[in-house]
1. Find the residue count for the range 184-208, including only residues that are part of a loop (DSSP other than H, G, I, E, B), among the β-branched types (Val, Ile, Thr) and touching a Leu at 6+ places or on another chain (Cβ under 8 Å).
2. Take the range 326-347 and flag every residue that is more than 16 Å from the ligand (Cβ to nearest atom) and open to solvent by 20 Å² or more (accessible area, probe 1.4 Å).
3. Checking the conditions here, which among Tyr279, Tyr314 is surrounded by fewer than 21 Cβ atoms within 10 Å (Cβ to Cβ), in contact with a strand residue (DSSP E or B) (Cβ under 9 Å, 6 or more places away or on another chain) and not aliphatic (A, V, I, L, M)?
4. Can you give me the number of residues within the range 297-343 that are within 30 Å of Glu85 (Cβ to Cβ) and assigned to a strand (DSSP E or B)?
5. Looking at Lys350, Lys391 in this structure, which one is open to solvent by 20 Å² or more (accessible area, probe 1.4 Å) and either without any contact (Cβ under 8 Å) to a residue 40 or more places away in the chain or among the polar types (S, T, N, Q) (or both)?
6. Would you call Gln289 among the polar types (S, T, N, Q), open to solvent by 20 Å² or more (accessible area, probe 1.4 Å) and either away from the ligand (no atom under 16 Å from the Cβ) or modelled with pLDDT under 95 (or both)?
7. Go through (1) touching a residue at least 40 places away in the same chain (Cβ under 8 Å); (2) surrounded by fewer than 16 Cβ atoms within 10 Å (Cβ to Cβ) for Ser304 and report which single condition fails.
8. Can you name the number of the only condition in (1) surrounded by fewer than 18 Cβ atoms within 10 Å (Cβ to Cβ); (2) more than 16 Å from the ligand (Cβ to nearest atom) that Asn42 fails?
Amino acid sequence: MISKRLQASLDNAVCIRDIFEEGKKLAAVYGAENIFNFSIGNPNVAPPSIVNESMKEVLDSEDPLTLHGYPANVGHPDVRQCIAEHLNSRYGLNYDQNGIVMTSGAASALAILCNTFLDRDDEVVTFAPYFWEYKSYVETMYGRLVPALCDQTTLQPDPKTFEAALSPRTRMVFINTPNNPTGAVYTEESIKKVAEILCRKEKEYGHPIYLVSDEPYRLLAYGGLKVPYLPKYYKDTIVVYSYSKTLSIPGERVGYIAMLDNVTDFDNILAGITASIRYLGYVNAPSLQQKMLLKCVDATVDVSIYERSRDLLYQSLTGIGYDCIHPDGAFYLFMRALEPDDARFCERAKEERLLMAPGTAFGGPGFVRISYCVPYDVIERSIPSFERLYKKYRP
Ligand code: PLP
């Protein structure tokens, strides 16, 4: 028997991967070219060539015993220094390598932070819709995730629901921009408002509230849009970054936690993070992948490929009559379902061989998430299916 806590979590989960797997089964029956699987966020743009080049170079040049041995739990010092300098030159801040901790992607960083900060029944507030795994990371550490629903027309943080979600038990706020599942990039105005509320609440409660900025899509923003860098707006910000999406290497499991040294209780938090890396069994982020970053820290995938897909999908869907919130980043589009029950809408969409994830799975009922990290021609060929689906509801 698995634990009651885990069983309860499994019983409540709406598993996006199940939809993806169903898509594969349908492809076996109807032919892959006739199935339009928009259910999962697995990058489809090739990693930049520097990724492989750099890995080969590391393998050829580094001493094997050092390269394949245990690095420090927090990561290789030269890699941490390189990331600190990269952030300083990009955002004009003063990170030190001590404030950079290498992690196995953003997922492990979030789990590590939950272990670092949460006691039983402590709360983590997040803006809904949100990346569903937040709930798992928080509840695994016996905490409670408290969603604050975003404004339903803009999908920007709503100051009223946010303030109402905060309580003396709030230890962290998870924020994710560009956002999965909505594709929204939170505006500077939204961020300033969030920071203002947090500053006020920190004073009122008499303890820090850490803003955890989960940023796997930070560099995936379109139309020249600048994504506000959160540590500039709120002192107690802890950045979580991942190379999974910006370098298209989710299988390689590498990312980092970044903290400026003026974050409240910096030394104590660092000690907690370092211990949590061990206690949770990560030990360290993969050594080769860390070293690979020395040459890749400024590289990104060809973002214009996602932007072109975004444009085609958004224009086609709105042209048909669907109500979509214009996505400015990541590779997701959030579309209003044509009936209140978004799960039923997704079921009907399957009749047209369209696989999408119901918004309910992300705390965003009434919508569906379309992951457009698929080849351009898949989007082109899917449009008649979207047309037929629309006509079923609005003949
Ligand atoms: N956070 C968000 C918002 C995500 O969408 C994902 C992955 O899809 C993650 C975190 C975890 O990413 P990884 O662990 O691959 O870095």
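1. 1
2. His326, Arg336, Leu338, Glu339, Pro340, Asp341, Ala343, Arg344, Glu347
3. Working: Tyr279 fails: in contact with a strand residue (DSSP E or B) (Cβ under 9 Å, 6 or more places away or on another chain).
Matching residue, one of Tyr279, Tyr314: Tyr314.
4. Of the residues in that region, 1 qualify.
5. When all the criteria are applied, what remains is Lys391.
6. no
7. For Ser304, the failing item is (1).
8. For Asn42, the exception is condition (2).
The values are calculated or read from the model by the stated rules, or taken from the named source; none is laboratory data. These numbers come from a predicted model, not from an experiment. Quick reminder, even Gly has a Cβ in these numbers, built from the backbone with ideal geometry, and neighbours come from all protein chains shown. Surface accessibility is based on the protein's heavy atoms, side chains included, excluding ligands, DNA and RNA. Shrake-Rupley method; radii C 1.70, N 1.55, O 1.52, S 1.80 Å.
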